[in-house]
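Student: Next up is a structure, given as structure tokens.
The values are calculated or read from the model by the stated rules, or taken from the named source; none is laboratory data. Note that this is a predicted model, so its numbers are computed, not measured. Cβ: placed from backbone, ideal geometry, glycine included. Neighbour counts: every protein chain shown. Accessible surface areas use protein heavy atoms only, side chains included; no ligands, DNA or RNA. Shrake-Rupley method; radii C 1.70, N 1.55, O 1.52, S 1.80 Å.
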Amino acid sequence: MPQPLVPTRRSILKAAVAAVGAGFIAPSFAADPLKIGLILPLTGPFASTGKQILAACRLYMQQNGDTIAGRKVDLIVKDDTGVAPETTKRIAQELVVQDKVDVLAGFGLTPLALAAAPIATQSKTPMIVMAAATSIITSKSPYIVRTGFTLPQVTWPIAEWAAKNKIGSVVTLVTDYAPGLDAEKTFVQRFTGAGGKVIESLRVPLRNADYAPFLQRAKDAKPDALFVFVPSGEGSAVMKQFSDRGLKEAGIRMIGTGDVVDDDLLESMGAVAVGVVTSFHYSAAHKSSENKAYVDAFMKANHFRPNFHSVGGYDGMHLIYEAVRKAGRDAGGDKLVETMKDMSWMSPRGPMSIDPATRDPIQTVYVRKVEMVDGKPWSIEFEKFENVKDPGV
Ligand code: PHB
């Protein structure tokens, strides 16, 4: 029988099988894509977090290729809008059940990460928390590994620095939800433990915060300094009220965790931020060749400065890539998480590793001061605490 001119499905299949058998082409069925379900707030009040992390994940893939161990990386990006935990949970469930993702990643705020934790546990899917920073998060599922930071980890260094640097009394101001309470508790414990006095602890609502009355109250209490934790995206509003209410003129210093002088906003804050001292794990001004290369590439691709959430995303991708390479392309969730524990590498932020006991990052925490460099404000690191683990609270 003569061969048809147009190849049939059967003839194509036969040819393909013959080609594979003859060693001409690799069998494509063994190379399922590696699916990463990236859930981020890309719209809504915390969209800057999503924008930063997504840009960093894409940069990582651009620099390191989109195949790992022969598997094509398929980044499935979902916007959870950042405000409703049940939305994040539903998206995580859909990604696991319908898209059959190998890894879940992202998680912009603590309540959203907490809502998705049971999905990771039930489906044995590694869940890389790139942003949310309350200490307890990793205890909510053995499949959670964190690449950002924890609030207690970055808070105690500023408490110790303040107590040693002529700050005798403080008013604390935090956002009233889990990471804010972690920051407040850690600061109060460490600062009073080192001999300082906390005059008052103020808590501001997470949504639609009006900082003016709180800053007026802080001013009236006449502390040496105001300690601030607000989630990224909120810093400008706090800084504006701090300036408008004349706290600086009244001789009150601002200290805090680095979230308040977030590199995403710092440039637009301008000179009002100068002098603010914070402790944190990342500054875009960190002096290292790795960070210079990172900031240059990030700015070239995006035309905005990378912030601390961006390195949580960049290092999260690194963790996934290296774990799949090391564990083998067919490794399941348990083996991947096991491989991620104890991994260490050089990040744009400095050296970091994953604590095998808690699956939290161990990293350097820097004390930094906002200074004008070439007409722009940057957080300049001047002291450091190495190998800091999450102390819990
Ligand atoms: C959090 O919700 O855990 C969170 C979000 C933004 C931050 C810090 C913590 O800057």
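Student: For residues that are open to solvent by less than 40 Å² (accessible area, probe 1.4 Å) and more than 16 Å from the ligand (Cβ to nearest atom), scanning just segment 198-210, find the one that is farthest from Ala131 (Cα to Cα).
Tutor: Val198
Student: Which residues, counting only those in segment 146-179, are assigned to a loop (DSSP other than H, G, I, E, B), on the phi < 0 side of the Ramachandran plot and away from the ligand (no atom under 16 Å from the Cβ)?
Tutor: Asn165, Ile167, Gly168, listed by residue number.
Condition check ((1) crowded, with 21+ Cβ neighbours inside 10 Å; (2) within 14 Å of the ligand (Cβ to nearest atom); (3) without any contact (Cβ under 8 Å) to a residue 60 or more places away in the chain) across all residues:
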position	(1), (2), (3)
Gly258	yes, yes, no
Val261	yes, yes, no
Val276	yes, no, no
His286	yes, no, no
Phe298	yes, no, no
His303	no, no, yes
Asn307	yes, yes, no
Gly312	yes, yes, no
Leu319	yes, no, no
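Student: Additional query: For Gly195, work out the one condition from (1) more than 26 Å from the chain's Cα centre (by Cα); (2) within 15 Å of the ligand (Cβ to nearest atom) it doesn't fulfil.
Tutor: Every listed condition holds for Gly195 apart from (2).
Student: Scan segment 132-145 residue by residue and report those that are surrounded by 19 or more Cβ atoms within 10 Å (Cβ to Cβ), in a helix (DSSP H, G or I) and within 11 Å of the ligand (Cβ to nearest atom).
Tutor: Ser135, Ile137
Student: Do you know which residues across segment 299-314 are aromatic (Phe, Trp, Tyr), in a helix (DSSP H, G or I) and farther than 19 Å from Asn64 by Cβ?
Tutor: Scanning segment 299-314 gives a single hit, Phe308.
Student: Scan segment 98-124 for residues that are touching a residue at least 60 places away in the same chain (Cβ under 8 Å), open to solvent by less than 10 Å² (accessible area, probe 1.4 Å) and more than 9 Å from the ligand (Cβ to nearest atom) and jot them down.
Tutor: Once the filter is applied, which keeps residues that are touching a residue at least 60 places away in the same chain (Cβ under 8 Å), open to solvent by less than 10 Å² (accessible area, probe 1.4 Å) and more than 9 Å from the ligand (Cβ to nearest atom), segment 98-124 yields Val103, Leu104, Ala105, Gly106, Ala116.
Student: On to the next question. Among the residues of segment 69-97, which ones are open to solvent by less than 50 Å² (accessible area, probe 1.4 Å) and among the basic types (Lys, Arg)?
Tutor: The one that is open to solvent by less than 50 Å² (accessible area, probe 1.4 Å) and among the basic types (Lys, Arg): Arg71.
Student: Another question about this same structure. Please find, within segment 338-377, the residue that is most open to solvent (accessible area, probe 1.4 Å) out of those that are of a type in the set (Val, Ile, Thr) and in contact with a helix residue (DSSP H, G or I) (Cβ under 8 Å, 6 or more places away or on another chain).
Tutor: Filtering first and then ranking leaves Thr358.
Student: Could you tell me which of the residues Leu215, Leu226 is away from the ligand (no atom under 13 Å from the Cβ), buried (at least 23 other Cβ atoms within 10 Å of the Cβ) and in a helix (DSSP H, G or I)?
Tutor: Testing whether each residue is away from the ligand (no atom under 13 Å from the Cβ), buried (at least 23 other Cβ atoms within 10 Å of the Cβ) and in a helix (DSSP H, G or I) leaves just Leu215.
Student: From the list Pro41, Pro2, Pro45, which residue is touching a Gly at 6+ places or on another chain (Cβ under 7 Å) and either at pLDDT below 50 or open to solvent by 60 Å² or more (accessible area, probe 1.4 Å) (or both)?
Tutor: Pro45
Student: Considering Asp32, Asp66, which residue is modelled with pLDDT under 95, open to solvent by 50 Å² or more (accessible area, probe 1.4 Å) and touching a strand residue (DSSP E or B) at 6+ places or on another chain (Cβ under 7 Å)?
Tutor: Of the residues listed, the single one that is modelled with pLDDT under 95, open to solvent by 50 Å² or more (accessible area, probe 1.4 Å) and touching a strand residue (DSSP E or B) at 6+ places or on another chain (Cβ under 7 Å) is Asp32.
Student: Let me confirm something: among Val83, Val77, Val73, Val101, which residue is out of contact with any Leu (no Cβ under 7 Å at 6 or more places or on another chain) and either of a type in the set (A, V, I, L, M) or closer than 18 Å to Asp182 by Cβ (or both)?
Tutor: Val83
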